[in-house]
Structures are given as C-alpha cells and as structure tokens.
1. Say R0 is 25 Å: what FRET efficiency, to the nearest 0.05, do Met186 and Val38 get from their beta-carbon distance?
2. Looking at Cys148, Phe82, Ala117, which one has the Cα that reaches farthest to the positive end of the dipole of the chain (charges on Cβ: Lys, Arg +1; Asp, Glu -1)?
3. Could you check the spin-label model distance between Glu137 and Arg51? Points 7 Å from the Cα along Cα→Cβ, value in nm.
4. With bins 5 Å wide starting at 0, give me the P(r) of the chain over every alpha carbon pair, in whole percents.
5. Can you order the peptides 98-105, 59-66, 148-155 by their average number of other Cβ atoms within 10 Å per residue, highest first?
6. Quote the charge dipole size of region 14-188 about the Cα centre in Debye, to the nearest 20; the model charges only the Cβ of Lys and Arg (+1) and of Asp and Glu (-1).
7. What distance in nm separates the simple spin-label points at Asp80 and Val174, each placed 7 Å from Cα in the Cβ direction?
Amino acid sequence: MKKSISPVPLLYPSPVLLICTYGSDGRPDAMAASWAGVCCSEPPCISLGIRKTRQTWENIKDRGEFMVCIPSETLVEETDFFGIASGKNLDKFSKTGMTPVKSEIIEAPYIEECPIAIACRVRNLMHIGSHTLIVGEILSILADEEACGEDGTPDMDLIRPLLYDSQKKTYYTVGEPSGKAFSSGMKFRRNLYEP
Ligand SMILES: Cc1cc2nc3c(=O)[nH]c(=O)nc-3n(C[C@H](O)[C@H](O)[C@H](O)COP(=O)(O)O)c2cc1C
C-alpha cells in the first residue's frame with residue numbers, strides 16, 4: 001500500500017556536478033549542483049536549477065557561459081565544500097586545492113581534478129520560483145584519458161561519479177550494472193501483437 005508524501009523536489013538519484021564560472025572581476029567560482037540533467041539531444045543540452053542568491057547565478061547571467069564538471073567519488077569532501085560555501089566571500093579553489101583552468105572554448109574555467117568538463121552556453125532561461133531553470137547548449141567536452149574506456153569514450157566505471165539523495169542529504173557511489181538499455185526489455189516486444 002502506498003502512502004501520500006508532501007510535495008518536495010524528489011527524484012532518485014540526482015547527479016552531483018560542479019558548475020564553474022568567472023565573476024565580473026575574473027575570479028573563478030564553482031558550486032555543487034544536483035538539480036540538473038540532460039534535457040535535449042539535438043542540440044545537446046543540459047538543464048540546471050540555480051537559486052538567484054548564488055554567486056554562480058550572477059556569473060552565468062553576466063557571461064552567458066558555464067562549465068559543468070563531473071567530480072569523482074574521491075573528491076566528495078571538496079565537492080561538498082563547493083556546495084556549502086559561497087564564492088561571494090571566499091576563494092573555494094585555494095581553500096580546497098582544486099585547480100581552475102581557463103577554457104579555450106568559453107568564458108568559464110574547468111577543474112583540472114575532475115575527469116569530465118562540459119562547456120555550455122546559455123540557450124534558454126526560465127524563472128520558475130525559488131530557482132531559475134537554465135538550459136545550456138553543450139559546445140564541447142573534455143575528458144581525462146584515464147576516464148575513457150577501450151573504445152575511447154567516457155566510461156562511468158572509470159569516472160566514478162557521485163550520486164545524491166536530497167532527502168537523506170547523502171552522497172552515494174555508482175553500483176553494479178543491472179541491465180542493458182534498449183535491449184533488456186526486448187523480450188516483451190517480441191510478441192507485441194499477441195494477447
Ligand atoms: C549536494 C549539493 C547540491 C546542490 N545543488 C544545488 C542546485 O542544484 N542549485 C542551487 O542553486 N544550489 C545547489 N546547492 C547549493 C549551492 O552549491 C551553494 O549554495 C553554494 O554555496 C553556492 O555557491 P556560489 O554562491 O559560489 O555560487 C547544492 C549544494 C549541495 C551540497
């Protein structure tokens with residue numbers, strides 16, 4: 001039997017990302033973000049939900065560009081710090097020892113220690129309530145060679161991204177594969193028109 005739960009922003013799991021930007025003074029900033037996901041294939045786009053009080057929101061508004069970095073599970077402490085301190089008051093990079101690197105593609109830095117960095121340009125904005133929905137078009141992707149598999153593409157088992165449970169406020173790591181997409185369900189398709 002199901003019971004009713006009050007409406008909260010609940011989905012399982014949420015990704016854990018670091019959104020990197022430059023301030024108007026050129027200072028690099030990054031914040032942890034979990035209200036995020038892929039929202040379009042062509043053009044390839046990522047959506048973010050950012051509260052207007054964040055320094056990151058100011059920076060994205062000013063520059064129209066941001067970098068989405070995917071931290072590995074080994075960076076859980078640094079990543080959490082990027083989510084509990086604001087770049088308004090301090091330099092989170094020097095505090096954590098993480099390295100901001102100037103991108104050649106967009107006006108936003110990426111984090112050297114993160115295996116994946118995705119360069120985005122703002123395509124759409126929608127003010128929803130507490131958060132603004134930002135749709136960024138993916139212009140280019142940088143991947144550590146060590147994070148790529150034998151076929152040369154990024155491999156989640158090598159990236160080891162973090163997952164987030166916003167209700168328990170807990171980070172998790174990726175577990176074992178449990179099926180193959182566009183394939184595991186095929187057995188139900190075989191006799192599609194039979195009762
Ligand atoms: C795991 C985690 C996920 C977060 N996700 C978001 C998010 O999706 N959107 C948001 O506006 N704030 C989010 N935050 C809060 C910001 O990261 C936090 O307010 C940060 O200090 C903002 O930094 P800034 O002012 O330098 O931009 C999250 C924090 C944590 C710890």
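1. 0.60
2. So the residue we want is Phe82.
3. Roughly 3.1 nm, to one decimal.
4. Pairs per bin, as whole percents: 1, 7, 14, 18, 20, 15, 10, 6, 4, 2, 1, 1, 0, 0.
5. Details: 98-105: 15.8, 59-66: 20.0, 148-155: 11.0.
Packing proxy ranking, top to bottom: 59-66, 98-105, 148-155.
6. On the way: 17 positive and 25 negative charges, 203 e Å.
For this selection, approximately 980 debye.
7. So the two model labels end up 2.2 nm from each other.
Each reported figure results from applying straightforward, stated rules to the coordinates on display, with no laboratory input. Here the structure is a predicted model, which means the values were calculated and not measured. Reconstructed Cβ throughout: ideal geometry from the backbone, glycine too, with neighbour counts over all protein chains shown.
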